[in-house]
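The values are calculated or read from the model by the stated rules, or taken from the named source; none is laboratory data. Bear in mind that the values here come from a model prediction, so they are computed numbers and not experimental data. As a convention, Cβ positions derive from the backbone with ideal geometry for all residues, glycine included, and neighbour counts pool all protein chains shown. Areas reflect the complete protein model, heavy atoms only, side chains present, ligands, DNA and RNA absent. Shrake-Rupley method; radii C 1.70, N 1.55, O 1.52, S 1.80 Å.
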Amino acid sequence: KPLLTLAEGTRAVAGGDYRPLPEAGTRDEIDALTQSFNAMTAQLGEARAQVLSREAELERANSFLSSVLANISTGVLVFDPRFRLITANAAAADILGDEVLRSSGVAIDDLPAIRSIAVELRTQFEAELKDLAWQHEFEIDRGDAGGLVLLARGSRLALASGLGYVIVFDDISDVISAQRAVAWSEVARRVA
(Lines give C-alpha, C1' and ligand atoms only; values in the text may rest on other atoms or scores of the structure.)
Protein backbone atom coordinates (compact mmCIF):
# COMPACT_ATOMS: atom_id res chain seq x y z
CA LYS A 1 0.00 0.00 0.00
CA PRO A 2 2.76 2.60 0.75
CA LEU A 3 4.29 1.94 -2.70
CA LEU A 4 0.89 2.43 -4.36
CA THR A 5 0.51 5.69 -2.43
CA LEU A 6 3.92 6.85 -3.74
CA ALA A 7 2.92 5.87 -7.29
CA GLU A 8 -0.32 7.85 -6.97
CA GLY A 9 1.66 10.78 -5.54
CA THR A 10 4.00 10.66 -8.54
CA ARG A 11 1.05 10.81 -10.94
CA ALA A 12 -0.42 13.69 -8.92
CA VAL A 13 2.87 15.62 -9.17
CA ALA A 14 2.93 15.00 -12.93
CA GLY A 15 -0.52 16.62 -13.02
CA GLY A 16 0.64 19.64 -11.00
CA ASP A 17 -0.62 18.57 -7.56
CA TYR A 18 2.19 19.10 -5.04
CA ARG A 19 0.33 18.15 -1.85
CA PRO A 20 2.41 16.06 0.58
CA LEU A 21 1.70 12.36 1.02
CA PRO A 22 0.71 11.01 4.42
CA GLU A 23 3.69 9.50 6.20
CA ALA A 24 3.30 6.02 7.62
CA GLY A 25 5.18 6.83 10.83
CA THR A 26 7.36 3.77 10.54
CA ARG A 27 11.13 4.04 10.55
CA ASP A 28 11.86 2.05 7.44
CA GLU A 29 12.95 2.74 3.86
CA ILE A 30 9.40 3.44 2.67
CA ASP A 31 8.94 6.13 5.33
CA ALA A 32 12.31 7.69 4.39
CA LEU A 33 11.26 7.58 0.71
CA THR A 34 7.91 9.21 1.54
CA GLN A 35 9.67 11.96 3.52
CA SER A 36 12.07 12.56 0.61
CA PHE A 37 9.13 12.60 -1.81
CA ASN A 38 7.32 15.17 0.34
CA ALA A 39 10.46 17.34 0.56
CA MET A 40 10.84 17.14 -3.22
CA THR A 41 7.20 18.08 -3.87
CA ALA A 42 7.49 21.00 -1.44
CA GLN A 43 10.54 22.27 -3.35
CA LEU A 44 8.75 21.79 -6.67
CA GLY A 45 5.73 23.68 -5.35
CA GLU A 46 7.92 26.57 -4.19
CA ALA A 47 9.80 26.64 -7.49
CA ARG A 48 6.55 26.64 -9.44
CA ALA A 49 5.17 29.48 -7.29
CA GLN A 50 8.35 31.49 -7.93
CA VAL A 51 8.13 30.87 -11.67
CA LEU A 52 4.48 31.95 -11.73
CA SER A 53 5.33 35.04 -9.68
CA ARG A 54 8.20 35.97 -12.00
CA GLU A 55 6.04 35.38 -15.08
CA ALA A 56 3.36 37.69 -13.65
CA GLU A 57 6.03 40.28 -12.80
CA LEU A 58 7.46 40.03 -16.32
CA GLU A 59 3.99 40.37 -17.83
CA ARG A 60 3.37 43.52 -15.73
CA ALA A 61 6.74 44.96 -16.82
CA ASN A 62 6.03 44.18 -20.48
CA SER A 63 2.58 45.71 -20.21
CA PHE A 64 4.02 48.84 -18.60
CA LEU A 65 6.75 49.12 -21.26
CA SER A 66 4.20 48.63 -24.05
CA SER A 67 2.02 51.32 -22.52
CA VAL A 68 4.95 53.75 -22.27
CA LEU A 69 6.06 53.08 -25.85
CA ALA A 70 2.51 53.50 -27.12
CA ASN A 71 2.09 56.87 -25.41
CA ILE A 72 5.34 58.68 -26.15
CA SER A 73 5.73 61.01 -29.12
CA THR A 74 9.24 59.76 -29.88
CA GLY A 75 9.57 57.06 -32.54
CA VAL A 76 11.24 53.81 -31.52
CA LEU A 77 12.55 51.11 -33.87
CA VAL A 78 14.14 47.91 -32.57
CA PHE A 79 16.28 45.74 -34.84
CA ASP A 80 17.73 42.26 -34.40
CA PRO A 81 21.48 41.52 -34.86
CA ARG A 82 21.00 41.31 -38.65
CA PHE A 83 19.21 44.69 -38.78
CA ARG A 84 15.73 43.23 -39.33
CA LEU A 85 12.92 45.17 -37.72
CA ILE A 86 11.57 43.53 -34.57
CA THR A 87 9.15 46.20 -33.44
CA ALA A 88 8.11 49.81 -33.92
CA ASN A 89 5.90 51.97 -31.75
CA ALA A 90 2.89 54.07 -32.81
CA ALA A 91 4.93 57.29 -32.87
CA ALA A 92 7.34 55.71 -35.37
CA ALA A 93 4.32 55.02 -37.60
CA ASP A 94 3.08 58.59 -37.15
CA ILE A 95 6.46 59.98 -38.20
CA LEU A 96 7.52 57.47 -40.88
CA GLY A 97 4.20 56.06 -42.07
CA ASP A 98 1.90 53.20 -41.11
CA GLU A 99 3.78 50.58 -43.16
CA VAL A 100 6.44 50.54 -40.41
CA LEU A 101 3.99 48.76 -38.10
CA ARG A 102 3.45 46.04 -40.71
CA SER A 103 7.15 45.56 -41.46
CA SER A 104 8.25 43.22 -38.68
CA GLY A 105 11.06 41.00 -39.93
CA VAL A 106 11.93 43.31 -42.83
CA ALA A 107 15.60 44.29 -43.26
CA ILE A 108 16.51 47.93 -42.61
CA ASP A 109 17.55 48.33 -46.27
CA ASP A 110 14.05 47.29 -47.39
CA LEU A 111 12.00 49.55 -45.10
CA PRO A 112 10.54 52.14 -47.49
CA ALA A 113 10.39 54.93 -44.92
CA ILE A 114 14.10 54.80 -44.04
CA ARG A 115 15.63 53.03 -47.04
CA SER A 116 17.44 56.23 -48.06
CA ILE A 117 19.26 56.48 -44.72
CA ALA A 118 19.74 52.78 -43.98
CA VAL A 119 23.42 52.82 -44.91
CA GLU A 120 23.97 55.90 -42.74
CA LEU A 121 22.22 54.23 -39.80
CA ARG A 122 24.40 51.12 -40.09
CA THR A 123 27.48 53.32 -40.39
CA GLN A 124 26.56 55.16 -37.19
CA PHE A 125 26.38 51.88 -35.28
CA GLU A 126 29.70 50.70 -36.73
CA ALA A 127 31.46 54.04 -36.12
CA GLU A 128 30.42 54.21 -32.48
CA LEU A 129 31.67 50.80 -31.36
CA LYS A 130 33.44 52.25 -28.34
CA ASP A 131 30.68 54.51 -27.02
CA LEU A 132 27.84 52.07 -27.76
CA ALA A 133 25.52 55.02 -28.44
CA TRP A 134 25.27 57.81 -31.01
CA GLN A 135 23.17 60.82 -31.98
CA HIS A 136 22.82 62.19 -35.50
CA GLU A 137 20.52 64.23 -37.73
CA PHE A 138 19.16 62.55 -40.85
CA GLU A 139 17.33 64.08 -43.77
CA ILE A 140 14.83 61.94 -45.64
CA ASP A 141 13.53 63.06 -49.03
CA ARG A 142 9.90 61.96 -49.36
CA GLY A 143 9.36 63.26 -52.87
CA ASP A 144 6.15 65.26 -53.18
CA ALA A 145 5.51 64.99 -49.44
CA GLY A 146 8.59 67.14 -48.75
CA GLY A 147 11.61 66.48 -46.61
CA LEU A 148 11.77 65.04 -43.16
CA VAL A 149 14.53 65.82 -40.67
CA LEU A 150 15.02 63.30 -37.88
CA LEU A 151 17.12 63.69 -34.77
CA ALA A 152 18.00 60.08 -34.03
CA ARG A 153 19.79 58.39 -31.18
CA GLY A 154 20.95 54.81 -31.45
CA SER A 155 22.27 52.22 -29.07
CA ARG A 156 23.03 48.55 -28.90
CA LEU A 157 20.47 46.40 -27.13
CA ALA A 158 20.90 42.99 -25.51
CA LEU A 159 18.35 40.58 -26.96
CA ALA A 160 17.78 36.87 -26.47
CA SER A 161 18.99 36.35 -30.05
CA GLY A 162 22.17 38.37 -29.52
CA LEU A 163 23.10 42.02 -29.73
CA GLY A 164 20.35 44.08 -31.34
CA TYR A 165 19.89 47.77 -32.02
CA VAL A 166 17.43 50.43 -30.96
CA ILE A 167 16.87 53.74 -32.72
CA VAL A 168 14.91 56.49 -30.99
CA PHE A 169 14.02 59.52 -33.10
CA ASP A 170 12.03 62.74 -33.27
CA ASP A 171 10.78 64.68 -36.27
CA ILE A 172 12.51 68.06 -36.01
CA SER A 173 11.49 69.29 -39.48
CA ASP A 174 9.39 72.13 -38.03
CA VAL A 175 12.22 73.21 -35.73
CA ILE A 176 14.68 73.30 -38.65
CA SER A 177 12.14 75.25 -40.76
CA ALA A 178 11.65 77.76 -37.97
CA GLN A 179 15.41 78.19 -37.56
CA ARG A 180 15.80 78.80 -41.31
CA ALA A 181 12.94 81.31 -41.28
CA VAL A 182 14.54 83.19 -38.37
CA ALA A 183 17.92 83.13 -40.12
CA TRP A 184 16.42 84.46 -43.38
CA SER A 185 14.45 87.15 -41.59
CA GLU A 186 17.68 88.24 -39.87
CA VAL A 187 19.45 88.35 -43.27
CA ALA A 188 16.55 90.38 -44.73
CA ARG A 189 16.62 92.76 -41.74
CA ARG A 190 20.34 93.35 -42.15
CA VAL A 191 20.02 93.88 -45.90
CA ALA A 192 17.19 96.35 -45.33
Margin query: Can you give the FRET efficiency to the nearest 0.05 for SER53 and ARG153, using r as the Cβ-Cβ distance and R₀ = 25 Å?
Written below: 0.10
Item checked: region 1-103 - percent of accessible surface contributed by carbon and sulfur, probe 1.4 Å -> 55 percent
Next item on the list: Find me the longest stretch of the chain that has none of the exposed trypsin sites (Lys or Arg not before Pro), where exposed means in a DSSP loop (not H, G, I, E or B) with at most 13 other Cβ atoms within 10 Å.
Entry: 28-81
Next item on the list: Could you tell me the accessible area of PHE64 in Å² (1.4 Å probe, neighbours in place), rounded to the nearest ten?
Entry: 140 Å²
Checklist line | Accessible surface, 1.4 Å probe, highest first, among residues TRP134, TRP184 | finding: TRP184, TRP134
Notebook entry, point to check: To the nearest 10 square angstrom, how much accessible area does GLU120 have with a 1.4 angstrom probe?
Noted result: 80 Å²
Item checked: Identified option (computed semi-axes √(5λ) of the Cα gyration tensor in Å; candidates (i) 35, 19, 15; (ii) 48, 23, 14; (iii) 62, 16, 15) -> (iii)
Notebook entry, point to check: Just how far, in whole angstrom, is region 46-84 from region 156-190 if you go by their alpha carbon centroids?
Noted result: 27 Å
Check: Accessible area per residue of the chain at 1.4 Å probe, in Å²?
Finding: 66 Å²
Check: At GLU139 and SER73, where each label point lies 7 Å from the Cα along Cα→Cβ, what is the point-to-point distance in nanometres?
Finding: 2.4 nm
Note to self: Using the basic label-point model (7 angstrom from Cα toward the beta carbon), what is the LEU101 to PHE64 distance in nanometres?
What the structure shows: 2.5 nm
Checklist line | Solvent exposure, largest accessible area first (probe 1.4 Å, DNA, RNA and ligands not counted), of SER67, SER104 | finding: SER104, SER67
Notebook entry, point to check: How big is the accessible area of GLU99 in square angstrom, nearest 10, if you roll a 1.4 angstrom probe over the protein chains?
Noted result: 60 Å²
Margin query: Along the charge dipole of region 7-106, pointing to its positive end and built from +1/-1 on Cβ of Lys, Arg, Asp and Glu, which listed residue (PRO81, ALA56, ALA93) has its Cα farthest out?
Written below: ALA93
